[in-house]
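The values are calculated or read from the model by the stated rules, or taken from the named source; none is laboratory data. Values in this document were obtained by computation on a predicted structure and should not be read as measured data. With ideal geometry, Cβ positions are generated from the backbone for all residues, glycine too; neighbour counts draw on all protein chains shown. Keep in mind that these areas ignore ligands, DNA and RNA; they rest on the heavy atoms of the full protein, side chains included. Shrake-Rupley method; radii C 1.70, N 1.55, O 1.52, S 1.80 Å.
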Amino acid sequence: VDAFQAWCGPCKTAVDLFQKIRNEVGSHLLHFAVAEVDSIDALEGFRGQCQPVFLFYAGGELVAVVRGLNAPLLRNTVLEQL
């Protein structure tokens with residue numbers, strides 16, 4: 001989940017990165033979503049940050065968090081969680 005604030009919008013570069021990874025590993029294994037933290041109370045802790053935050057969930061549980069757009073780290077995190 002790309003957790004973003006309304007004033008900066010979702011990270012477009014990350015969408016391209018996740019699409020590429022999804023094509024490599026298969027679409028049934030990886031799902032990407034965006035969430036505006038300003039309108040979701042459960043994500044209140046991510047408000048007021050000026051960098052992208054990526055939340056990784058498995059089985060409904062938060063399993064990893066990556067702060068900032070670090071493509072190699074995001075890729076490695078996705079592959080580790082799969």
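Would it be correct to say that Val37 is without any contact (Cβ under 8 Å) to a residue 60 or more places away in the chain and open to solvent by less than 60 Å² (accessible area, probe 1.4 Å)? Here the answer is yes, as Val37 does meet what is asked.
The selection criterion, being surrounded by fewer than 17 Cβ atoms within 10 Å (Cβ to Cβ), in contact with a strand residue (DSSP E or B) (Cβ under 9 Å, 6 or more places away or on another chain) and basic (Lys, Arg), holds for Arg67.
Quick check on my filter: what residues within the range 3-17 are open to solvent by less than 70 Å² (accessible area, probe 1.4 Å), touching a residue at least 12 places away in the same chain (Cβ under 8 Å) and not hydrophobic (A, V, I, L, M, F, W, C)? Answer for the range 3-17, where residues must be open to solvent by less than 70 Å² (accessible area, probe 1.4 Å), touching a residue at least 12 places away in the same chain (Cβ under 8 Å) and not hydrophobic (A, V, I, L, M, F, W, C): Gln5, Pro10. Figure legend. Inter-residue proximity from the range 54-82: first residues on the phi > 0 side of the Ramachandran plot, second residues open to solvent by 80 Å² or more (accessible area, probe 1.4 Å), beta-carbon distance below 9 Å, spacing 6+ or different chains. Indicated pairs: Gly68/Gln51. Can you find a residue in the range 42-50 that is among the polar types (S, T, N, Q) and open to solvent by 50 Å² or more (accessible area, probe 1.4 Å)? For the range 42-50, residues among the polar types (S, T, N, Q) and open to solvent by 50 Å² or more (accessible area, probe 1.4 Å): absent.
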